[in-house]
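Every number here is computed from the coordinates shown, using simple stated rules; none is lab data. Keep in mind it's a predicted model, so treat the numbers as computed, not measured. Neighbour counts run over all protein chains shown; Cβ positions are idealised from the backbone, glycine included.
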């Protein structure tokens with residue numbers, strides 16, 4: 001009786017498209033993804049679809065599996081001994097764990113930015129030119145210069161470094177280094193950019209620059225970001241996935257997750273009640 | 001709200017905010033009760049107390065506003081906490097208006113007390129009792145986070161609208177019969193309108209409680225009973241009939257509204 005009364009006066013829940021959120025196409029499909037580190041199971045069967053040209057945030061307490069899941073998306077887990085991945089993950093319909101997949105090519109299509117900025121001990125120019133060189137994307141030096149400039153522009157760093165491209169990348173500030181790493185990632189024309197806590201080592205101003213950049217980049221790229229900062233997830237993403245103990249607990253529009261989560265565990269985590 | 005915040009002071013802040021609303025609701029209820037009693041008993045001293053005590057409700061609202069701003073800035077609330085804080089802000093604003101209406105009824109009761117009693121005044125306590133019940137229902141619903149109770153209160157507003165409509169007609173007819181009662185009857189009409197508005201704010205509170213608990217707005221057409229905006233009463237004619245949506249039939253003429 002009670003629930004009927006409420007139903008009668010409540011509009012049925014409708015799935016709303018996140019504002020400005022993507023093409024509506026699914027870029028990455030995951031189904032039944034399980035990951036084991038030796039005997040320990042880190043992911044317990046994740047089904048998650050990532051929409052093209054949108055930002056998907058993965059949140060959850062430490063050890064929940066969100067980084068593990070992120071690393072499945074460009075097969076970074078392959079580099080860990082005793083790590084086993086089950087289930088399927090497809091990029092544009094193609095199984096990325098298929099036999100014919102070249103992981104080097106895959107990681108060019110699915111780039112990654114890490115928690116700590118990790119520029120190569122090379123010049124700013126060479127940091128960005130590194131990928132295009134090894135992938136043979138530029139025949140002439142002019143082409144390479146153009147790629148470097150465009151990548152630095154897209155990463156919002158060009159105006160700050162154009163006069164000192166030959167200085168070492170490690171001489172930049174933390175926030176600039178992180179944008180350099182983003183420029184390096186986009187220099188090889190990826191389709192997807194994975195970000196693992198890209199701002200956790202940065203001050204609030206540098207963080208704001210990266211967040212602004214993420215918002216601009218999603219016009220051209222599909223972005224998946226792991227973050228411990230809930231406000232950041234709320235600010236930058238259109239979709240949010242909450243992971244807990246290797247399960248995907250809840251996945252929904254970001255606005256919905258942060259105003260009216262369906263699951264008690266999500267509610268507890270984002271309101272700081274998680275014990 | 002079963003689990004506690006890891007940062008306990010946040011939980012305490014939210015509880016304090018909730019208590020402020022509960023207290024404010026109690027004061028608003030008491031103000032409405034006293035205002036109605038002042039009308040019923042022609043008690044000008046009580047009416048004066050109501051007028052003076054309105055400042056207390058305003059003070060509560062300022063306190064709630066300040067607390068809400070502080071919590072939003074310092075805690076960056078999410079989900080249920082965010083709804084809790086927004087709801088407090090909205091409910092405080094409704095309660096403040098309810099307080100204003102109660103004070104206005106009290107002021108008018110002082111005028112009425114100086115004039116000979118008019119018979120339609122008995123409708124004020126009748127409407128008043130219903131308002132008191134609805135208000136109590138929604139404030140209890142807030143304290144208990146009880147959506148069902150809130151919806152019950154929300155629906156009862158229609159009865160109040162009906163009472164108001166019939167009082168409106170009765171008073172108009174009464175004034176036509178004897179122009180000497182126009183002064184008290186006009187005050188009566190405003191009092192009844194104030195009570196009707198209190199009911200509307202109570203339904204706002206019920207809607208806020210729904211949002212607070214369920215996370216979605218309470219939608220669907222609320223039964224609307226106040227059709228007096230379309231009322232046409234002339235000395236030689238019975239009140240024009242209105243249809244359920246409150247519209248005049250075309251033949252009833254355009255003088256209304």
Q. What residue, of B:130, B:89, B:71, B:112, is in contact (Cβ under 8 Å) with a residue 24 or more places away in the chain, within 30 Å of residue B:11 (Cβ to Cβ), in a helix (DSSP H, G or I) and more than 14 Å from every other protein chain (Cβ to nearest Cβ)?
A. B:89
Q) Out of (1) surrounded by fewer than 18 Cβ atoms within 10 Å (Cβ to Cβ); (2) closer than 28 Å to residue B:12 by Cα; (3) touching a strand residue (DSSP E or B) at 6+ places or on another chain (Cβ under 9 Å), what's the single condition that is false for residue A:245? A) (2)
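Would you please name the residue that is nearest to the other protein chains (Cβ to nearest Cβ), looking only at residues in segment A:264-275 that are in contact with a strand residue (DSSP E or B) (Cβ under 9 Å, 6 or more places away or on another chain) and part of a helix (DSSP H, G or I)? Steps first, please.
Of all residues in segment A:264-275, those in contact with a strand residue (DSSP E or B) (Cβ under 9 Å, 6 or more places away or on another chain) come to A:265-266, A:269-270, A:274.
Adding the requirement that they be part of a helix (DSSP H, G or I) leaves A:265-266, A:269-270.
Working: A:265: 10, A:266: 8, A:269: 9, A:270: 5 Å.
Going through the qualifying residues, I end up with A:270.
Scan segment A:214-231 for residues that are assigned to a strand (DSSP E or B) and farther than 9 Å from residue A:54 by Cα and report the count.
Filtering segment A:214-231 for residues assigned to a strand (DSSP E or B) gives A:222-226.
Keeping just the survivors that are farther than 9 Å from residue A:54 by Cα gives A:225-226.
Final tally of qualifying residues: 2.
Would you please name the residue that is nearest to the other protein chains (Cβ to nearest Cβ), looking only at residues in segment A:245-263 that are in a strand (DSSP E or B) and over 18 Å from the mean Cα position of the chain (by Cα)? Walk me through it before giving the result.
Here is the first cut: in segment A:245-263, the ones in a strand (DSSP E or B) are A:247-253.
Remaining after also requiring over 18 Å from the mean Cα position of the chain (by Cα): A:247, A:249.
Numbers: A:247: 19, A:249: 14 Å.
Per the stated criteria, the residue is A:249.
Assess whether residue B:176 counts as being away from chain A (no Cβ under 14 Å), in a helix (DSSP H, G or I) and in contact with a strand residue (DSSP E or B) (Cβ under 9 Å, 6 or more places away or on another chain). Reasoning before the result, please.
Working: away from chain A (no Cβ under 14 Å): yes; in a helix (DSSP H, G or I): yes; in contact with a strand residue (DSSP E or B) (Cβ under 9 Å, 6 or more places away or on another chain): yes.
For residue B:176, the condition - away from chain A (no Cβ under 14 Å), in a helix (DSSP H, G or I) and in contact with a strand residue (DSSP E or B) (Cβ under 9 Å, 6 or more places away or on another chain) - is met.
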Q.
Which of the helices (runs of 4 or more DSSP H) found entirely inside segment A:48-161 contain at least 3 residues meeting this: surrounded by fewer than 19 Cβ atoms within 10 Å (Cβ to Cβ)?
A. A:103-109, A:124-134, A:141-154, A:158-161
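Quick check on this structure: which one of A:111, A:136, A:171, A:131 is more than 25 Å from residue A:242 (Cα to Cα) and in contact (Cβ under 8 Å) with a residue 24 or more places away in the chain? Give the steps one after another, and end with the answer.
Details: A:111 fails: more than 25 Å from residue A:242 (Cα to Cα); A:136 fails: in contact (Cβ under 8 Å) with a residue 24 or more places away in the chain; A:171 fails: in contact (Cβ under 8 Å) with a residue 24 or more places away in the chain.
Answer to the selection: A:131.
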Q: Quick one: residue A:234 ticks every box in (1) touching a helix residue (DSSP H, G or I) at 6+ places or on another chain (Cβ under 7 Å); (2) part of a helix (DSSP H, G or I); (3) under 13 Å from residue A:64 (Cβ atoms) except a single one, so which number is it?
A: (3)
